[in-house]
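Participant: One structure is given below, represented as structure tokens, and several questions about it will come after.
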Amino acid sequence: MFAQHNLEYPKEVWQSIVGRGPDQISEKPEDILVREAKLNETPERIYTTFRARYFQILEKVARPGVEKLIAEATALGYELHIVSSSEKRWVEGHLNDLGLREHFQTLTTRDEGVPTKPAPDLYLRCLEKNGLKPKQVWALEDSANGLAAAKAAGIKTLVCPNPTTEHLDFSKADKIVLSLEEVSLPL
């Protein structure tokens, strides 16, 4: 959308907001686009257009290794929970599109009214809801903000970066892999 107006949204800025909820972003991309392109549109309308395009191009396929990891976790009797700075309806819709929703016992999302990543609150809420202690779980993250949130909650973290986040600093992770196909349980 920026390119349509001969603008570029800096990758570094995008990387800094990946994994954060809107409460953790000082200036949203749609606000920048409206201002810089001098658009006669509201940021809300720009965001709606962005989301529609995003869902048109979103691949309806899980990252390689996800299904194998879920199968291993299930066979070992592990509970699976999702902690996301996104809205519940987006997370649940995406999981349903992938045919994976049934594998996750709970979803803890920004709809719960607690600060989003990099704050630890979503992870802490998930632990509380499920009667878990940080030492009992591992977090799987793909963003620096997610890693910071999990570590602040005292949770061991496996990081598998995505193409947008692959150049970020994940040195505080307990384990880093380039593909989930490299992972076997138990960790």
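Participant: Could you list, in sequence order, the residues of segment 1-45 that are part of a loop (DSSP other than H, G, I, E, B), among the small types (Gly, Ala, Ser), within 30 Å of Thr108 (Cα to Cα) and out of contact with any Ser or Thr (no Cβ under 6 Å at 6 or more places or on another chain)? Can you show your working first?
Facilitator: Residues of segment 1-45 part of a loop (DSSP other than H, G, I, E, B): 1-2, 6-10, 18-21, 25-28, 37-42.
Those left that are additionally among the small types (Gly, Ala, Ser): 19, 21, 26, 37.
Of the ones still in play, those that are also within 30 Å of Thr108 (Cα to Cα) are 19, 21, 26.
Hit for segment 1-45 is Ser26, nothing else.
Participant: Can you tell me which of Ala3, Ala52, Ala75, Ala37 is in contact with a His (Cβ under 9 Å, 6 or more places away or on another chain) and hydrophobic (A, V, I, L, M, F, W, C)?
Facilitator: On the way: Ala3 fails: in contact with a His (Cβ under 9 Å, 6 or more places away or on another chain); Ala52 fails: in contact with a His (Cβ under 9 Å, 6 or more places away or on another chain); Ala75 fails: in contact with a His (Cβ under 9 Å, 6 or more places away or on another chain).
After ruling out the rest, the residue left standing is Ala37.
Participant: When you scan segment 148-158, do you find a residue that is surrounded by fewer than 18 Cβ atoms within 10 Å (Cβ to Cβ), among the hydroxyl-bearing types (Ser, Thr, Tyr) and out of contact with any Ser or Thr (no Cβ under 8 Å at 6 or more places or on another chain), even just one?
Facilitator: no
Participant: Looking only at segment 17-28, filter to residues that are out of contact with any Pro (no Cβ under 9 Å at 6 or more places or on another chain) and surrounded by 13 or more Cβ atoms within 10 Å (Cβ to Cβ); which one of those is farthest from Trp90 (Cα to Cα)? Spell out the reasoning first.
Facilitator: We begin by selecting, within segment 17-28, every residue out of contact with any Pro (no Cβ under 9 Å at 6 or more places or on another chain); these are 18, 22, 25-27.
From the residues that got through so far, the ones that are surrounded by 13 or more Cβ atoms within 10 Å (Cβ to Cβ) too are 18, 22, 25.
Details: Val18: 15, Pro22: 14, Ile25: 18 Å.
So the residue we want is Ile25.
Yes/no matrix, rows are residues, columns are (1) of a type outside the set (Lys, Arg); (2) part of a loop (DSSP other than H, G, I, E, B); (3) within 15 Å of the chain's Cα centre (by Cα):
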{"position": "Thr74", "(1), (2), (3)": "yes, no, no"}
{"position": "Tyr78", "(1), (2), (3)": "yes, yes, no"}
{"position": "Glu92", "(1), (2), (3)": "yes, no, yes"}
{"position": "Asn96", "(1), (2), (3)": "yes, no, no"}
{"position": "Pro118", "(1), (2), (3)": "yes, yes, yes"}
{"position": "Arg125", "(1), (2), (3)": "no, no, no"}
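Participant: Name the single residue that is surrounded by the most Cβ atoms within 10 Å (Cβ to Cβ) among those in segment 85-136 being touching a Leu at 6+ places or on another chain (Cβ under 7 Å) and aliphatic (A, V, I, L, M).
Facilitator: Of everything passing the filter in segment 85-136, Val91 is surrounded by the most Cβ atoms within 10 Å (Cβ to Cβ).
Participant: Inspect all residues belonging to segment 51-65 and state whether any of them is over 17 Å from the mean Cα position of the chain (by Cα), assigned to a helix (DSSP H, G or I) and touching a residue at least 12 places away in the same chain (Cβ under 8 Å).
Facilitator: Within segment 51-65 (the criterion being over 17 Å from the mean Cα position of the chain (by Cα), assigned to a helix (DSSP H, G or I) and touching a residue at least 12 places away in the same chain (Cβ under 8 Å)), the answer is yes, since at least one residue qualifies.
Participant: Something else now. Counting only residues that are modelled with pLDDT under 95 and under 20 Å from Ala62 (Cβ atoms), how many does segment 166-177 have?
Facilitator: Pass one, segment 166-177, residues modelled with pLDDT under 95: 166-169.
Next cut, under 20 Å from Ala62 (Cβ atoms) only: 166.
Here the count works out to 1.
Participant: Could you list, ordered by first residue, the pairs with Cβ atoms under 8 Å in which the first is in segment 1-20 and farther than 30 Å from Val83 by Cα and free of Cβ contacts under 8 Å to residues at least 60 places away in the same chain and the second is in a helix (DSSP H, G or I) and of a type in the set (Lys, Arg), at least 6 apart or interchain?
Facilitator: none
The values are calculated or read from the model by the stated rules, or taken from the named source; none is laboratory data. On a predicted model such as this, the values are computed, not experimentally measured, just so you know. Note that each Cβ is placed from the backbone with ideal geometry, even for glycine, and that neighbours are counted across all protein chains shown.
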